[in-house]
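Okay, so here's the structure we're looking at.
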Amino acid sequence: MRSRRLHPKSKFSSLGFLFRSALIGAWGLPGVFPIGQATAASVEVFHADSLAGPMQELKKAFEGKHQGITINLTSGVSRQLAERILKGDTCDVFAPSAPAVVEEDLINKRIAGTGKEAASWYVIFSANEMVVITAKGNPLKILQIADLVNPEVKFVRVTGEKDLATNRTIEFLNKAAALERKPELAQKIIDGAAVDPSKPTSVPDTIRAVKEGKANAGVVYHSAAVAARNELDIIRFPASVNLSDSIRNAGTVPGTAKNGKDAMDFVKFLLSAEGQNILRETGQPPVVPAIWKGNVPAELK
């Protein structure tokens with residue numbers, strides 16, 4: 001009985017089929033990718049509410065330059081975000097609204113269940129200021145702090161116990177009222193704001209209340225107001241009272257980082273000329289040169 005011989009082309013076709021089948025099978029396995037296909041990576045960024053606008057723009061620009069990398073933004077109260085890091089939540093880059101949050105809450109502190117230090121360095125990269133916001137068009141013609149005591153004005157402010165904006169709002173109102181030679185008005189404005197201890201008001205809450213007409217005016221960070229400038233009016237005050245000399249934003253790569261390499265690249269971008277321009281345009285002027293503290297990684301120096 002004669003053995004059946006395959007035509008040479010049939011041999012190659014069969015081998016090609018087996019090869020393609022093997023590749024398809026391999027692609028279905030976890031961690032196996034076809035040649036030229038890059039694995040996706042993400043960078044988890046925790047940041048202060050005041051940085052929400054700037055971070056959205058920084059995210060767009062960074063992702064445009066780094067294909068395959070996604071920046072995931074988590075906005076909140078700086079000290080509460082620091083608590084999450086101490087509990088072990090993954091955070092590749094942490095950007096609070098004050099260097100003191102890193103200094104006091106993370107440096108020399110250990111992450112729960114590990115021997116890792118929560119943070120060992122930080123960089124001060126931008127500044128901010130406090131402003132008054134009103135409804136679009138400023139219908140009540142609020143131009144100075146004294147106008148906030150008018151009976152028709154419903155004022156809202158940040159009230160969270162752990163929110164740095166709470167005391168900054170009070171300090172700003174005291175300074176601005178003193179500049180207008182009516183220091184007694186500050187406490188009246190503070191006391192007149194609607195406060196619910198069970199529901200502390202944040203920066204986003206304050207902006208939302210004014211946008212939705214639940215309040216006529218509020219005090220927030222300039223960068224937060226700029227992010228909502230199409231729906232609000234912004235009233236700025238002199239540098240002697242707006243706290244621009246003391247409000248600073250810091251950045252670090254904490255001990256819970258899972259993607260240290262891309263996290264460092266994001267910090268570098270934050271400090272680059274392009275990153276500084278984005279900060280400037282979004283109401284958060286960069287600190288130039290940036291100020292470094294602690295055991296700064298060599299690749300960032």
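The values are calculated or read from the model by the stated rules, or taken from the named source; none is laboratory data. What you see is a predicted model; the values in this text were computed from it and never measured. All Cβ positions, even for glycine, are placed from backbone atoms using ideal geometry, and neighbour counts span all protein chains on display. SASA here: full protein model, heavy atoms, side chains in, ligands and nucleic acids out. Shrake-Rupley method; radii C 1.70, N 1.55, O 1.52, S 1.80 Å.
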- So how far, in whole Å, is the C-alpha centre of region 44-72 from the one of region 230-301? 12
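I'm a student and want to see the number: the projected area of the Cα convex hull of the chain, averaged over all directions, in nm².
On the way: hull surface 98.0 nm².
If you wrap the Cα atoms of the chain in a convex hull and average its projections, you get 24.5 nm².
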- Message: From the P(r) of region 46-194, could you give the percentage of C-alpha pairs in the tail past 27 Å?
- Response: 40
- Item | Pairs from K162/K293; K109/K268; K109/K175 whose Cα-Cα separation, in the structure shown, is over 30 Å | K109/K175
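For the chain, what does the relative contact order come out to in percent, with C-alpha contacts under 8 Å and a separation of six or more? Numbers along the way, then the final one.
On the way: 538 pairs, mean separation 79.3, N = 301.
Dividing the mean separation by the residue count of the chain yields 26 percent.
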- In nm, to one decimal, how far is the D191 label point from the E171 one, both placed 7 Å along Cα→Cβ? 2.4
- How far is it, in nm, from the label point at E281 to the one at E161 when both lie 7 Å from their Cα along the line to the Cβ? 4.2
- Query: What are the residues whose amide H is under 5 Å from the amide H of I71, where those residues sit 5 or more places off or on another chain and H is modelled from the backbone?
  - Reply: V43
- Item | Of the GluC sites (Glu not before Pro) in region 162-208, those whose Cβ has at most 16 other Cβ within 10 Å and which sit in DSSP loop | E180
- Item | Loop-resident sites, region 211-264, for trypsin sites (Lys or Arg not before Pro), counting at most 11 other Cβ within 10 Å (DSSP) | none
- The answer for A118, listing residues at least 5 apart or on another chain whose modeled amide H is closer than 5 Å to its amide H, is N108, K109, R110, I111
- Task: Give, as a single signed number, the net charge of other residues whose beta carbon lies under 9 Å from the beta carbon of K162, with Lys and Arg counted +1 and Asp and Glu -1.
- Result: -2
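Ignoring ligands, DNA and RNA, what accessible area per residue does the chain give at 1.4 Å, in Å²? Please report the intermediate quantities before stating the final value.
Values: 15750 Å² over 301 residues.
Each residue of the chain exposes 52 Å² on average to a 1.4 Å probe.
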- Item | the chain, dipole about Cα centre (Lys/Arg Cβ +1, Asp/Glu Cβ -1), debye to the nearest 20 | 1820
